[in-house]
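Novice: Got a structure for you, questions after.
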Amino acid sequence: MATCGMRRIKLGSQGLEVSAQGFGCAHYGPSKPETDDIALLHHANISGPHTNELLLAKALKDGMREKVVLATKFGCILVKGKRDVRGDPEYVRAACEASLKRLDVSCIDLYYQHRVDARVPIEITIGGDDIRLRHFK
């Protein structure tokens with residue numbers, strides 16, 4: 001991982017180390033020239049029509065992917081223009097696969113729940129064992 005003099009912390013027990021401060025790009029879309037937007041590091045899957053992930057995929061080319069900790073969230077969805085949450089394993093799996101495809105990567109370093117679905121016990125939400133996460137294999 002690249003170092004920038006920023007304080008780093010360990011998350012969990014799997015060895016993942018991240019900067020103490022991340023860079024989010026929720027609601028970050030194609031309003032600026034694409035070349036100005038390539039510095040994206042972190043996003044939410046509720047933002048825009050997934051333009052953040054598509055743009056970030058371009059930023060991660062040419063060896064950049066191995067220099068960043070890639071994090072994304074799941075859980076927020078839009079249904080008929082209204083915000084809702086989902087935490088069922090089928091949705092989590094589908095959301096992860098869709099993010100992997102849009103990001104054009106084989107794994108996501110940190111995949112976490114954006115909003116908790118009170119209808120699904122957290123043990124069920126995180127119980128999916130076939131989601132491909134680098135630090136949880």
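Novice: Any of LYS61/LYS101; LYS58/LYS82; LYS73/LYS101; LYS10/LYS67 with alpha carbons more than 21 Å apart? Name them for me.
Specialist: Working: LYS61/LYS101 14 Å; LYS58/LYS82 30 Å; LYS73/LYS101 15 Å; LYS10/LYS67 17 Å.
From the list (LYS61/LYS101; LYS58/LYS82; LYS73/LYS101; LYS10/LYS67), the Cα-Cα distance tops 21 Å for LYS58/LYS82.
Novice: In nm, what is the difference between 0.36 nm times the number of residues separating ILE124 and LEU78 and their Cα-Cα distance?
Specialist: Between ILE124 and LEU78, full extension yields 14.4 nm more.
Novice: For ILE77, ILE126, give me the order by solvent-accessible area with a 1.4 Å probe, most accessible first, ignoring ligands, DNA and RNA.
Specialist: Largest to smallest exposure gives the sequence ILE126, ILE77.
The values are calculated or read from the model by the stated rules, or taken from the named source; none is laboratory data. Bear in mind that the values here come from a model prediction, so they are computed numbers and not experimental data. Note: accessible area is taken over every heavy atom of the protein model, side chains too, but ligands, DNA and RNA are not part of it. Shrake-Rupley method; radii C 1.70, N 1.55, O 1.52, S 1.80 Å.
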